[in-house]
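Structure first, commentary second.
Computed from the coordinates by the stated procedures, all read-outs in this text should not be read as laboratory data. Since this is a predicted model, take the numbers as computed values, not measurements. FYI the Cβ positions are ideal-geometry reconstructions off the backbone, even for glycines, and counts take in every protein chain you see.
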Amino acid sequence: MRLTANEVGELNPLGGSNPLVSALITVVPLVIERLEELVLTFRIAIVGAGPAGYFAALALQNSATDERNFAIDMIERLPTPWGLVRSGVAPDHPKIKTVSKVFEKIATAENFRLFSNVELGSDVAMSDLVERYDAVVIATGSSLGRKLGIPGEDLRGSLSAADFVPWYNAHPDFANLDVPLDTDTAVVIGAGNVAMDVARMLALDPTEFDPTDTADHAIVAFKKSSVRRVILCARRGPEHAAFTSPELRELPKLEHTNVLMSKDEVSAALSRIGDDAEKDVKNNLGAMELITQKEPTSHARTLEFEFFLTPLEIHGSDRVTEIVLGINKIENGTIVATGEMKTIKCGLVVSAIGYSAEPIMGVPYAKGKVENVEGRVGETNIYTVGWAKRGPSGVIGTNKSDASDVIKLLVENLPNSPKEKDDIEDLLYDKKVVSQSHWEKINAAEVLAGEFHGKPRNKSANVEELLRLGGL
């Protein structure tokens, strides 16, 4: 990097010809350039553009030093990033989605590239990433819903929350999901926040979706829905539920939905827990107690909580007509079956009993997640974060500390110097890759379309439309 004589003269505050200043102006840039060459830049691939992936990228950026830097390539199968923040968070909880602002700050930092609309396994192989990067981070989450494992589960009208949630959130893979809402009663199986989100979405007045980013096709379906009674069934007692208290405290505030929970069951649960019970359990039961104390309402729609019920069978010929559940009880601190059963007439059953990770060829999986030790896969340069690492547990913020710990391990295990490698772009020359700039165009177009309708964004659920919005 050399300056012309005119440029030297302009930078010389003494004017005229000053050999010392001229020499400094010529030499200093060369020294800086040489120092930059001494910084070791390691190339890291992150597979999955959800919260875990972005927090892994943030941890890498925070791990950069004067001697070591990171070039981060984030690879995402869908044309759109953000993972569950876009396709998993309930549309009536927009505050949770503000974390996307953090993701955008991470993505616009130096040495970050987004490769969306790129599928691992078809567009690139895991071996390609291992060869081209100093480390690979699997952050693909858990997208497969766990099965109930009971007769009748495959009937029409029996769905997994892993399909139903992305359907109302405009995930392209589920835009055409068959969701029969022509029934007055729906049953939701599960005792976590996903189950509660599903039950609430089914029980809300559809007009409440108009100012949200709920998928257009889902809003149309909800407005035609005949569902008026939603029953959430949990296998164990109120004290064992995995709900979070903020979610529970919102329920009495619903303006068009009755929320019912047994006062006797909540009181019994409070009597069973000791003073040394975890804070979360106490907070949950306190929030449930508030629900039972609320004055009864007489809205057209009702959300009911029922505990100590285990699904046994789903009945129907061509579609769901009823579900049979076993009644449980607590005996010596253990949940046991009483042998008694309860049947609920319904036309829709949605199971929300957990998720497992979808396997990636070349990566070992066991028990629904990537086999790993503290985030590292064997003695390889492959690491994993988020739900793919630990299973479906925790909230969005949990991924930040999790990713930080794994990236610390990754950095410790890096070689002394990065190897020369080919760029991943060489394998994607004929692929419509959605880069960060393309995504920003999609994002802006969706937000603009949403403003016209008084909502935060109007999400497209069509891949070709998304690519068109991105200018591809």
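Brief remarks follow.
- Couplings 3J(HN,Hα) of region 82-92, computed from phi: 5, x, 5, 5, 8, 10, x, 5, 4, x, 7 Hz, in residue order, whole Hz [Karplus 6.51 cos²θ - 1.76 cosθ + 1.60, θ = phi - 60°; x for Gly and Pro].
- In terms of its alpha-carbon gyration tensor, region 36-128 comes out oblate; a/c meets the 1.5 threshold, while b/c is at least as large as a/b.
- Net charge over other residues, Cβ less than 13 angstrom from the Cβ of ALA107 (K, R count +1; D, E count -1): -2
- Global form of region 120-193, assessed from the alpha-carbon gyration tensor, a/c cut-off 1.5: prolate
- Residue (of VAL194, ASN258, TRP82) at the positive-pole extreme of the chain, dipole from beta-carbon charges: ASN258
- Taken over the alpha carbons of region 245-347 as equal point scatterers, the Debye sum produces base-10 log I(q)/I(0) values at 0.10 Å⁻¹ of -0.38.
- Set of region 276-292 residues, backbone N closer than 19 Å to the point 7 Å along the Cα-Cβ line of LYS263: 285-292
- DSSP beta bridge pairing in the chain, given as percent antiparallel to the nearest 5: 35
- Among MET361, MET201, the ranking by other beta carbons within 10 Å of each residue's beta carbon, starting with the fewest, stands as MET361, MET201.
- Relative contact order (%) - criterion: Cα under 8 Å, at least six apart; region: the chain: 21
- Dividing the helix sum by the residues of the chain, where each DSSP H run of 4 or more adds -39500 (n - 2.57), gives a mean residue ellipticity at 222 nm of -10000 deg cm²/dmol.
- Once C-alpha pairs closer than 8 Å and six or more residues apart are averaged by separation and normalised to the residue number of region 147-353, the relative contact order reads 33 percent.
- Using the Stokes-Einstein relation with a Kirkwood hydrodynamic radius computed over Cα pairs, the translational diffusion coefficient of the chain at 4 °C and a viscosity of 1.567 mPa s comes to 52 µm²/s.
- 5 angstrom amide H check on CYS346, placed H, neighbours 5+ away: GLU322, ILE323
- Backbone geometry of region 383-388 corresponds, through the Karplus equation with coefficients 6.51, -1.76 and 1.60 at θ = phi - 60°, to 3J(HN,Hα) couplings of 10, 9, 9, x, 5, 4 Hz, x marking Gly and Pro.
- For ARG68, the residues whose amide H sits under 5 Å from its own are LEU40, ignoring neighbours fewer than 5 places away on the same chain, with H placed 1.01 Å from N.
- All other residues whose Cβ lies under 15 angstrom from that of ASP182 are scored, Lys and Arg at +1 and Asp and Glu at -1, for a net of +4.
- Per-residue ³J(HN,Hα) for region 309-317, Karplus 6.51 cos²θ - 1.76 cosθ + 1.60, θ = phi - 60°, Hz, x for Gly and Pro: 10, 10, x, 10, 8, 10, 9, x, 8
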